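Working notes for the structure below.
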Amino acid sequence: MLSVSGLGQEIQRLFYPHVCALCKAALVKSEQGLCAFCISILPRARFISFVENPVHQAFRGRVPIRQAGSFLTFRSGGVVQELLHQIKYRDNTGLAEAIGHYYASELLASGFVLPEILLPVPLHPAKLRQRGYNQSEVFAEGLAGRLGIKQIPNALLRRHFTETQTKKSRWDRWQNVDSVFALKNPERFSGKTIAVVDDVVTTGATLESCISVLLKANVQSVDVLTIAYAKE
Ligand SMILES: [Zn+2]
């Protein structure tokens, strides 16, 4: 059976021959997912530090986190929306993995303190069956490979849908999603430094729910890493 990454590469070859996801120019061997020019013009979040940046601040007073980082800044109608669309709905897993590699290189060159384990935010099983892959897991795989740390998919589990959560207040949302996630074999994460990985952070409600599950398992610290950050 193919791994998620192997399957991703197969899908990538079928639907995304070696062209840039944005400008469709042919890629040279050293380029992955995007051409060098398009990478250079991506709207980077470029937070000055991994504490007290907008993502880190979004969790203040909610759950304690050690560091937070996002690779890009999301704007409606912008190129990041196009990238996320390809990653989520167009089977472009190669792009998700490539973005993981690019962000990992940036993290290694910055003051980010590496965690021991990456845990991707899971999709609901029904959505996973429909999509065939979890884009956050593929992104985490790209990150983990380049950072030289491990990612453990399927450790965080999602229990049920929260379709009405967007209509509720932040507090209601927190309570609503809190029961959605569970951690498999929580004892193995006790005392570990963990980073939770997701595609986009907006309100942080989903991540907050995952983080509170991890804190109950007595992890040492939690970081947040996402492809993009979107202002609410
Ligand atoms: Zn390009």
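FYI, it's all coordinate maths here, none of it is from the lab. All figures in this text were calculated on a predicted structure; none of them were measured in a lab. Using ideal geometry, Cβ is built from the backbone for each residue, glycine included, and neighbour counts are taken over all protein chains shown.
Say the cut-off is 21 Å between C-alpha atoms; which of K29/K150; K127/K216; K24/K127; K29/K88; K192/K216 go over it? All intermediate terms of the calculation are to be shown ahead of the outcome.
Working: K29/K150 26 Å; K127/K216 27 Å; K24/K127 29 Å; K29/K88 25 Å; K192/K216 13 Å.
Result: K29/K150; K127/K216; K24/K127; K29/K88 exceed 21 Å.
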* To the nearest 20 debye, what charge dipole does region 21-81 have about its Cα centre, counting +1 at the Cβ of each Lys and Arg and -1 at the Cβ of each Asp and Glu? -> 100
* Count the net charge of all other residues whose Cβ sits under 13 Å from the Cβ of V219, scoring Lys and Arg as +1 and Asp and Glu as -1. => +1
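Report the extension gain between R129 and N154 in nm, rounded to one decimal, defined as 0.36 nm multiplied by the number of residues separating them, less their alpha carbon distance.
Working: separation 25, 0.36 × 25 = 9.00 nm, distance 1.40 nm.
The span from R129 to N154 would gain 7.6 nm if fully extended.
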* **Separation between Cα centres of region 201-216 and region 96-121, rounded to whole Å** => 19
* If the label point is 7 Å along Cα→Cβ of R46, which residues in region 56-80 have backbone nitrogen under 18 Å from it? -> 69-75, 79-80
* Do you know the relative contact order of region 42-229, to the nearest whole percent, from alpha carbon pairs under 8 angstrom that are 6+ apart? -> 27
